Amino acid sequence: MPRLSYRRALTRALADEMTRDESVFLLGEDIRVAAANVTSGLLKRFGPERVVDTPLSEQAFTSFATGAALAGLRPVLEFQIPSLLFLVFEQIVNHAHKFPLMTGGQCAVPVTYLVPGSGSRTGWAGQHSDHPYSLFAHVGVTTVVPATPADAYGLLVSAIRCDDPVVVFAPAGAMDLRADVADPAPVPLGRGVVRRVGTDVTVVAVGHLVHDALAVAGDLAGQVSVEVFDPRTLYPFDWDGLVESVSRTGRLVVVDDSNRSCGIAGEIIAAVVERVRLLAPPRRVTRPDGAVLPFAPALDRAVQPGRDQLTAAIQLTVKDG
């Protein structure tokens with residue numbers, strides 16, 4: 001069975017969709033030289049008309065992509081730095097996302113916004129290390145955060161085929177992961193998956209933290225039976241799948257590498273407690289309130305949620321119940 005890295009899974013998804021559909025093309029800064037190592041080889045294969053380097057004006061090329069989508073094309077935009085999404089929130093939310101709704105479905109805006117290396121990368125400091133996926137989930141833009149190479153391929157393919165805007169966050173913590181992938185296939189948007197079955201507590205982990213949750217579940221196997229739920233898509237969220245899990249375990253812990261206040265972890269907990277009577281108070285493991293990641297590596301790591309924090313949260317939840 002061939003081994004596929006998360007990064008190469010993204011490349012393969014782009015290449016496969018560009019081969020399948022001539023309306024798919026790529027936009028971004030330095031994508032012809034593959035600065036983010038995701039678009040490697042695509043310029044030579046598909047040519048300069050479909051792999052387009054843009055000026056350093058995110059607002060301009062994001063608006064251009066909206067127009068291209070309205071005209072019948074399927075642009076994929078690469079943002080090397082997640083904070084650039086703050087610059088184009090207007091173009092994505094007020095334009096691309098709302099046009100189909102405000103016209104009663106008379107138009108479609110099939111744009112994919114790909115963010116390879118989102119979250120923290122060593123030494124990239126405060127303006128390059130955000131994970132703003134909860135902002136897009138809040139306003140109703142389809143938002144996905146793949147955790148595995150197979151899902152990186154499958155969710156990006158589904159995003160490109162979707163007739164609405166989709167933001168794909170590919171966490172830096174997952175980009176170098178490798179796994180056996182026999183036959184990569186599209187993964188439905190809005191459908192989570194149980195990565196490990198358990199009976200005592202459900203841990204919801206977002207993106208690369210799925211692998212930390214699985215490691216902690218393995219370490220605690222003799223003491224606590226941990227079920228690990230990977231939502232894969234944050235909006236629309238697979239509430240039925242999660243409720244089914246928590247209804248069996250009766251306990252909930254969420255681990256999420258974004259800021260605590262108004263983050264996706266709080267929303268997950270609120271939605272579950274509205275539907276399930278828990279045996280113990282739920283807990284969340286996140287970055288602190290208003291966190292800005294420092295440049296210093298030790299401080300950078302200290303601000304992010306880790307396995308020790310997750311282990312403590314699980315043990316407290318089981319003890320309280």
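The values are calculated or read from the model by the stated rules, or taken from the named source; none is laboratory data. Not measured: the values here are computed from a predicted model. Cβ placement follows ideal geometry from the backbone for every residue including glycine, while neighbour counts extend to all protein chains displayed. For the accessible areas, the whole protein counts, side chains as well, though only heavy atoms, and no ligand, DNA or RNA atoms are used. Shrake-Rupley method; radii C 1.70, N 1.55, O 1.52, S 1.80 Å.
Tell me, which helices (runs of 4 or more DSSP H) wholly within the range 30-120 include 1 or more residues that are open to solvent by less than 40 Å² (accessible area, probe 1.4 Å) and over 30 Å from Val292 (Cα atoms)? Qualifying helices (runs of 4 or more DSSP H): 42-46, 58-70, 98-102. A search for C-beta distances below 9 Å between a residue of the range 76-87 that is at pLDDT below 95 and any residue that is polar (S, T, N, Q) and open to solvent by 10 Å² or more (accessible area, probe 1.4 Å), counting only pairs 6+ apart in sequence or on different chains, returns Ile81/Gln127; Ser83/Gln127; Leu87/Gln59. Do you know which of the residues in the range 240-251 that are small (Gly, Ala, Ser) and assigned to a helix (DSSP H, G or I) is nearest to Arg307 (Cα to Cα)? So, considering only residues that are small (Gly, Ala, Ser) and assigned to a helix (DSSP H, G or I), the one nearest to Arg307 (Cα to Cα) is Ser245. Among the residues of the range 263-275, just one is open to solvent by 70 Å² or more (accessible area, probe 1.4 Å) and within 17 Å of the chain's Cα centre (by Cα), namely Glu267.
In the range 173-181, the condition of being under 21 Å from Phe229 (Cβ atoms), open to solvent by 30 Å² or more (accessible area, probe 1.4 Å), assigned to a loop (DSSP other than H, G, I, E, B) and touching a helix residue (DSSP H, G or I) at 6+ places or on another chain (Cβ under 7 Å) is met by at least one residue.
Across the range 276-297, a minimum of one residue is classified as touching a strand residue (DSSP E or B) at 6+ places or on another chain (Cβ under 7 Å), open to solvent by less than 40 Å² (accessible area, probe 1.4 Å) and among the small types (Gly, Ala, Ser).
At least 2 residues being touching a residue at least 40 places away in the same chain (Cβ under 8 Å), among the β-branched types (Val, Ile, Thr) and within 19 Å of Thr249 (Cα to Cα) is the threshold, and among the strands (runs of 3 or more DSSP E) wholly inside the range 197-239 those reaching it are 201-205.
Within the option set Ser225, Ser247, being modelled with pLDDT of 95 or more, more than 17 Å from the chain's Cα centre (by Cα) and open to solvent by less than 60 Å² (accessible area, probe 1.4 Å) holds for one residue only, Ser225.
Listed by first and then second residue, the pairs with beta-carbon distance under 8 Å, at least 6 apart or on different chains, first residue in the range 295-321 and free of Cβ contacts under 8 Å to residues at least 24 places away in the same chain, second open to solvent by 40 Å² or more (accessible area, probe 1.4 Å) and in a helix (DSSP H, G or I), form an empty list.
Taken over the range 202-222, the residue count meeting the criterion of being open to solvent by 10 Å² or more (accessible area, probe 1.4 Å) and within 18 Å of the chain's Cα centre (by Cα) is 4. Applying the criterion of being out of contact with any helix residue (DSSP H, G or I) (no Cβ under 9 Å at 6 or more places or on another chain) and part of a loop (DSSP other than H, G, I, E, B) to the residues of the range 252-275, the residue that is modelled with the highest pLDDT is Glu274.
Within the range 276-291, the set of residues being modelled with pLDDT of 85 or more and not in a strand (DSSP E or B) comprises Val276, Arg277, Leu278, Leu279, Ala280, Pro281, Pro282, Pro288, Asp289. When the range 1-22 is limited to residues that are polar (S, T, N, Q) and surrounded by 17 or more Cβ atoms within 10 Å (Cβ to Cβ), the one that is farthest from Lys44 (Cα to Cα) turns out to be Ser5. Pairing residues of the range 130-143 that are among the charged types (D, E, K, R) with residues that are surrounded by fewer than 21 Cβ atoms within 10 Å (Cβ to Cβ), at Cβ distances under 6 Å and at least 6 apart in sequence or on separate chains, gives Asp130/Ser83.
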